[in-house]
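Working notes for the structure below.
The values are calculated or read from the model by the stated rules, or taken from the named source; none is laboratory data. Given the structure is predicted, the values throughout are model-derived calculations rather than measurements. Methodologically, a virtual Cβ is constructed for each residue, glycine included, from the backbone with ideal geometry; neighbour enumeration extends over all protein chains shown.
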Amino acid sequence: MEIFITREDTAGCEDAMSIPYIPSSMKNTDKDHLQFAITNKVESGSASIGAKLLIDGVDYTEKATIQIDDQGPQKLGTYVYISTRYGDKCTIEVDHGGKIKAGKHKVKITVDTPVGSFSAEFEGTV
(Lines give C-alpha, C1' and ligand atoms only; values in the text may rest on other atoms or scores of the structure.)
Protein backbone atom coordinates (compact mmCIF):
# COMPACT_ATOMS: atom_id res chain seq x y z
CA MET A 1 0.00 0.00 0.00
CA GLU A 2 1.41 3.37 -1.05
CA ILE A 3 0.80 6.29 1.31
CA PHE A 4 1.46 9.88 0.27
CA ILE A 5 2.74 12.89 2.13
CA THR A 6 0.55 15.64 0.69
CA ARG A 7 0.26 19.38 1.08
CA GLU A 8 -2.22 20.15 3.79
CA ASP A 9 -3.79 22.91 1.70
CA THR A 10 -4.18 20.83 -1.47
CA ALA A 11 -7.77 19.65 -1.14
CA GLY A 12 -8.89 16.87 -3.47
CA CYS A 13 -5.58 16.49 -5.30
CA GLU A 14 -3.68 13.65 -3.61
CA ASP A 15 -1.15 13.19 -6.45
CA ALA A 16 -0.06 16.83 -6.41
CA MET A 17 3.18 17.47 -4.56
CA SER A 18 3.58 14.22 -2.66
CA ILE A 19 6.32 12.08 -1.18
CA PRO A 20 5.25 8.44 -1.40
CA TYR A 21 6.70 5.75 0.87
CA ILE A 22 8.48 3.07 -1.15
CA PRO A 23 6.63 -0.15 -0.24
CA SER A 24 8.69 -2.90 1.41
CA SER A 25 11.68 -0.56 1.89
CA MET A 26 11.51 -0.73 5.70
CA LYS A 27 14.22 -2.92 7.21
CA ASN A 28 16.60 -3.15 10.12
CA THR A 29 20.10 -2.87 8.64
CA ASP A 30 21.56 -4.19 11.92
CA LYS A 31 20.31 -4.51 15.51
CA ASP A 32 20.44 -0.72 16.07
CA HIS A 33 19.43 0.84 12.72
CA LEU A 34 16.11 1.01 10.84
CA GLN A 35 15.92 2.19 7.26
CA PHE A 36 13.06 3.10 4.90
CA ALA A 37 12.69 5.17 1.74
CA ILE A 38 10.40 7.77 0.20
CA THR A 39 10.39 9.37 -3.25
CA ASN A 40 10.46 13.12 -3.95
CA LYS A 41 7.33 13.87 -5.98
CA VAL A 42 7.23 17.52 -4.84
CA GLU A 43 9.72 19.34 -7.09
CA SER A 44 13.40 19.85 -7.88
CA GLY A 45 15.49 22.42 -6.06
CA SER A 46 17.43 23.38 -2.96
CA ALA A 47 15.82 24.51 0.28
CA SER A 48 15.96 24.56 4.04
CA ILE A 49 13.46 22.13 5.51
CA GLY A 50 12.42 21.01 8.96
CA ALA A 51 11.41 17.45 9.73
CA LYS A 52 9.92 15.46 12.59
CA LEU A 53 9.95 11.66 12.66
CA LEU A 54 7.86 9.48 14.97
CA ILE A 55 8.03 5.68 14.97
CA ASP A 56 5.44 3.92 17.10
CA GLY A 57 4.82 7.28 18.80
CA VAL A 58 8.47 7.79 19.81
CA ASP A 59 10.30 10.87 18.48
CA TYR A 60 13.42 9.72 16.59
CA THR A 61 14.04 13.00 14.75
CA GLU A 62 17.39 13.70 16.40
CA LYS A 63 18.54 10.10 15.84
CA ALA A 64 17.77 10.01 12.11
CA THR A 65 19.57 10.85 8.88
CA ILE A 66 18.32 11.41 5.35
CA GLN A 67 20.30 10.43 2.27
CA ILE A 68 19.01 11.86 -0.99
CA ASP A 69 19.87 9.69 -4.01
CA ASP A 70 23.68 9.43 -4.19
CA GLN A 71 24.46 12.33 -1.80
CA GLY A 72 25.93 11.79 1.64
CA PRO A 73 23.64 11.41 4.65
CA GLN A 74 22.55 14.47 6.67
CA LYS A 75 21.01 14.65 10.15
CA LEU A 76 17.26 15.28 10.29
CA GLY A 77 15.99 18.06 12.50
CA THR A 78 14.44 21.51 12.60
CA TYR A 79 16.92 22.82 10.01
CA VAL A 80 18.30 20.78 7.12
CA TYR A 81 19.52 22.27 3.85
CA ILE A 82 18.79 19.86 1.00
CA SER A 83 19.22 19.73 -2.74
CA THR A 84 16.98 17.31 -4.60
CA ARG A 85 15.57 16.45 -8.00
CA TYR A 86 12.01 15.37 -8.70
CA GLY A 87 11.98 11.57 -8.48
CA ASP A 88 14.97 11.23 -6.13
CA LYS A 89 14.89 8.33 -3.69
CA CYS A 90 15.31 9.62 -0.12
CA THR A 91 16.51 7.03 2.38
CA ILE A 92 15.85 7.66 6.07
CA GLU A 93 18.01 5.80 8.60
CA VAL A 94 17.23 5.76 12.33
CA ASP A 95 19.60 4.85 15.16
CA HIS A 96 17.06 3.25 17.51
CA GLY A 97 19.51 1.59 19.87
CA GLY A 98 17.92 -1.84 19.51
CA LYS A 99 14.41 -0.66 20.47
CA ILE A 100 12.70 -1.41 17.12
CA LYS A 101 12.28 -5.17 16.84
CA ALA A 102 10.89 -7.38 14.07
CA GLY A 103 7.21 -6.75 13.36
CA LYS A 104 4.88 -4.01 12.15
CA HIS A 105 5.74 -0.39 12.90
CA LYS A 106 3.85 2.86 12.37
CA VAL A 107 5.78 5.84 11.00
CA LYS A 108 4.62 9.45 11.07
CA ILE A 109 6.76 12.01 9.32
CA THR A 110 6.15 15.75 9.05
CA VAL A 111 8.19 17.93 6.72
CA ASP A 112 8.01 21.74 6.51
CA THR A 113 9.30 23.21 3.24
CA PRO A 114 9.11 26.61 1.52
CA VAL A 115 6.32 25.23 -0.72
CA GLY A 116 4.17 23.83 2.10
CA SER A 117 3.87 21.40 4.96
CA PHE A 118 3.63 17.68 4.32
CA SER A 119 2.81 14.82 6.66
CA ALA A 120 2.15 11.12 6.32
CA GLU A 121 1.54 8.03 8.34
CA PHE A 122 2.31 4.56 7.06
CA GLU A 123 3.03 1.10 8.39
CA GLY A 124 5.90 -1.12 7.43
CA THR A 125 7.13 -4.48 8.56
CA VAL A 126 10.69 -5.17 9.65
(message) Can you report the number of residues in the range 104-126 which are part of a strand (DSSP E or B), touching a His at 6+ places or on another chain (Cβ under 8 Å) and either surrounded by 14 or more Cβ atoms within 10 Å (Cβ to Cβ) or modelled with pLDDT under 90 (or both)?
(response) 1
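If a residue must be touching a strand residue (DSSP E or B) at 6+ places or on another chain (Cβ under 6 Å), within 17 Å of Lys99 (Cβ to Cβ) and not in a loop (DSSP other than H, G, I, E, B), how many such residues does the range 50-64 contain?
6
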(message) Taking the condition of being assigned to a strand (DSSP E or B), out of contact with any Gly (no Cβ under 7 Å at 6 or more places or on another chain), surrounded by 14 or more Cβ atoms within 10 Å (Cβ to Cβ) and polar (S, T, N, Q), how many residues in the range 18-49 meet it?
(response) 3
